[in-house]
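Have a look at the structure below, then the notes.
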Amino acid sequence: MLDVQLGALNAGPPPGVEEALDLVAAFDDALAGGLGRLGEQGARAVTGLAAAVAASPLGDRAVEAAEKVATGSVAGEHLTILAGARAALLGAVADALLASLDDALGRSRTPWPEPTAGGAAAVPENLLAGPRSWLHELAITGWRGVGHDLVAASDQAVEAMLAEPALRRPAVLLDGLAAELRASSPVATMEKLPARRWADLWTRALMLTQPGRLGAGDPGVPVSGRLLILGADVHEHATAVQVQVHGLLEPKEGGEPRLVRTAISAAKVDTIVGAAVWGVLGDYPVLLGALARHLSLDLTDMPLLAGGDLLWDEGKAVAGELASPFATARVQLAGALATAGPPLDRHPVAIAEPVLVEGYKVAKVDGGIELRLDGQTITVAADRLPGCGPLTPQLLATSTACLGLLRWDGRWLLQPLAVQSTVKRQPVAAHNGDWALGPTDPKVVKSLARSGDAVAVLRERAGRLLRK
């Protein structure tokens, strides 16, 4: 990344972005208080959101829905239309941000293909009606009116959805939203609400539970070629862990390399933390081995979705030769072809674009870390460093090259995936996935030995219970 690129990113968001986000924030505030009892300010927020999409296919319906809600005549259809308007507005913001980022990086991006007609999945309507009714009640009541009784009303609907494989995605989303609300109840006692996050979850859940929304799904197009890994982004929660791997795919038939990603995940318990989380991902030895040993992967007929996601299948991947992520980024990242994401996934928080930054100086500012290059700066999202790898803020502070993901949270931030540094006059590289086959730091190895392998202990106890 050159200084002129950093300068373009630091120039501020594209025109209209801040105004659009202000409209979303106003709607989220109204949602927090409840759409069933709007005051003058809340009514303006709802009509303002509808006005922002007036020129879109949602236009007339959004204006009508806003007028009905503003006057206290709230129906489920009106709430769905407003949720769609909110999703569309945030999608437009994400598109504008990505367009400005592509201009700054000189990155080409394939457009999203036109939708094709497909049969809807055979899902009983009652399985969707229940969760939609609960989501409507949440919006009418508002977050500040949520208590244990309203949260408990979701239990039956979520349980029924979890039993239907086609509904697993929205079911997990609803279960997570209900869990957060349950832990926060009564919400009225909270000093500060995560209004944007809860509104995002509410919006997405309403979109995913619409009749006919769950089609047969994108089976993907089989692709073959060489996958060169750039880095791993680890998402860890108390009961689950997901490793999202970003890389470049060199198609077997030739052509420019493509930016792709793939993800593996597993359930866990909250006692499995740090380096031990890799132990629950043992069903993916090929991918984990490639991460730990910095190997390329030869893929054969691996499904690739239109949004650039590989549906990982261990049986269709073979470990290849050594391939340094930094060498890959220096040689091929600038010319790689990116892919537009699915419409429903377009949201500013979902932006995660691989970049390489070199030749900078590190500065600590207000407890954070900045990278400075030729008079330009970018803030490092150090809070996103996972605890299951060797990459630490201390190592980052002495680094000279960083391979990471550009994210947007009111400004552009850099989330490190790997760094190159000098330790005791020796060049050192640290990657988030270096401990995929187990930690290599002697201190961490000793610590795990003293505390025991949490995954092995839990598996042994589970086996003992099953034998009884």
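The values are calculated or read from the model by the stated rules, or taken from the named source; none is laboratory data. Every value quoted in this text rests on a predicted model; they were computed, and no experiment measured them. Reconstructed Cβ throughout: ideal geometry from the backbone, glycine too, with neighbour counts over all protein chains shown.
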Q: Give the stretch 313-330 a look and list any residue that's without any contact (Cβ under 8 Å) to a residue 60 or more places away in the chain and either touching a Cys at 6+ places or on another chain (Cβ under 8 Å) or hydrophobic (A, V, I, L, M, F, W, C) (or both), or say none.
A: Val318, Ala319, Leu322, Ala327
**Q.** Entirely in the stretch 31-146, the helices (runs of 4 or more DSSP H) that have 3 or more residues that are within 28 Å of the chain's Cα centre (by Cα) and modelled with pLDDT of 95 or more
**A.** 40-52, 76-105, 125-141
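Table: residues versus (1) among the aromatic types (Phe, Trp, Tyr); (2) modelled with pLDDT of 90 or more; (3) buried (at least 18 other Cβ atoms within 10 Å of the Cβ); (4) under 22 Å from Val241 (Cβ atoms).
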residue	(1), (2), (3), (4)
Asp345	no, no, no, yes
Glu353	no, yes, yes, no
Leu356	no, yes, yes, no
Arg372	no, yes, no, no
Cys402	no, yes, yes, no
Gln415	no, yes, yes, yes
Pro427	no, no, no, no
Asp434	no, yes, yes, yes
Q. Are any of the residues in the stretch 380-394 within 30 Å of Ala238 (Cβ to Cβ) and of a type in the set (Ser, Thr, Tyr)?
A. yes
Q: Would you tally the residues in the stretch 316-335 being assigned to a helix (DSSP H, G or I) and either within 15 Å of Ala401 (Cα to Cα) or touching a helix residue (DSSP H, G or I) at 6+ places or on another chain (Cβ under 7 Å) (or both)?
A: 8
Q) Is there any pair with a first residue in the stretch 393-404 that is over 8 Å from Gln420 (Cα atoms) and a second that is of a type in the set (Phe, Trp, Tyr) whose Cβ atoms are under 7 Å apart and which are 6 or more apart or on different chains, and what are they? A) Leu403/Phe326
Q. What pairs come up if the first residue lies in the stretch 37-62 and is surrounded by fewer than 22 Cβ atoms within 10 Å (Cβ to Cβ), the second is in a loop (DSSP other than H, G, I, E, B) and aliphatic (A, V, I, L, M), and their beta carbons are under 7 Å apart, counting only those six or more places apart or on different chains?
A. Gly59/Val53
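Got a number for residues in the stretch 331-368 being β-branched (Val, Ile, Thr), under 30 Å from Asp200 (Cα atoms) and without any contact (Cβ under 8 Å) to a residue 40 or more places away in the chain? If you could, list the steps in order and put the result at the bottom.
Pass one, the stretch 331-368, residues β-branched (Val, Ile, Thr): 331, 339, 349, 351, 355, 357, 362, 365.
Still in the list and also under 30 Å from Asp200 (Cα atoms): 339, 349, 351, 355.
Cutting the leftovers down to without any contact (Cβ under 8 Å) to a residue 40 or more places away in the chain gives us none.
Within the stretch 331-368, residues that are β-branched (Val, Ile, Thr), under 30 Å from Asp200 (Cα atoms) and without any contact (Cβ under 8 Å) to a residue 40 or more places away in the chain number 0.
Name the strands (runs of 3 or more DSSP E) wholly inside the stretch 170-281 in which the number of residues that are under 18 Å from the mean Cα position of the chain (by Cα), surrounded by fewer than 21 Cβ atoms within 10 Å (Cβ to Cβ) and not charged (D, E, K, R) is 3 or more. Write out each step before concluding.
Working: elements: 221-236, 240-251, 258-267.
Of the strands (runs of 3 or more DSSP E) lying wholly inside the stretch 170-281, those with at least 3 residues that are under 18 Å from the mean Cα position of the chain (by Cα), surrounded by fewer than 21 Cβ atoms within 10 Å (Cβ to Cβ) and not charged (D, E, K, R) span 240-251, 258-267.
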Q. Across the stretch 336-359, which residue is farthest from the chain's Cα centre (by Cα) among those that are farther than 30 Å from Val428 by Cα and assigned to a loop (DSSP other than H, G, I, E, B)?
A. Ala340
Q: Could you grab me the full set of residues in the stretch 282-294 that are surrounded by fewer than 14 Cβ atoms within 10 Å (Cβ to Cβ) and either assigned to a loop (DSSP other than H, G, I, E, B) or aliphatic (A, V, I, L, M) (or both)?
A: Gly282, Asp283
**Q.** Complete set of residues in the stretch 33-49 that are in contact with a Lys or Arg (Cβ under 9 Å, 6 or more places away or on another chain) and either more than 16 Å from Gly145 (Cα to Cα) or of a type in the set (Val, Ile, Thr) (or both)
**A.** Leu49
Q: Sort out for me the strands (runs of 3 or more DSSP E) sitting completely within the stretch 387-451 that have 2 or more residues that are closer than 16 Å to Leu371 by Cβ and not acidic (Asp, Glu).
A: 399-408, 412-423
(Q) Being modelled with pLDDT of 95 or more and of a type in the set (D, E, K, R) is true for just one of Glu236, Glu256, Glu250, Glu191. Which residue is that? (A) Glu250
**Q.** Inter-residue pairs, beta-carbon under 8 Å, first farther than 18 Å from Glu236 by Cα and in contact (Cβ under 8 Å) with a residue 40 or more places away in the chain and in the stretch 252-271, second in a loop (DSSP other than H, G, I, E, B) and small (Gly, Ala, Ser), 6+ apart
**A.** Glu256/Ala336; Pro257/Ala336; Arg258/Gly308; Arg258/Ala336; Leu259/Gly308; Leu259/Ala336; Val260/Gly308
Q: Provide a single number: the residues in the stretch 1-30 that are in a helix (DSSP H, G or I) and either under 15 Å from Asp102 (Cα atoms) or modelled with pLDDT under 90 (or both).
A: 7
Q) For the stretch 142-164, how many residues are free of Cβ contacts under 8 Å to residues at least 12 places away in the same chain and under 17 Å from Glu125 (Cβ atoms)? A) 1
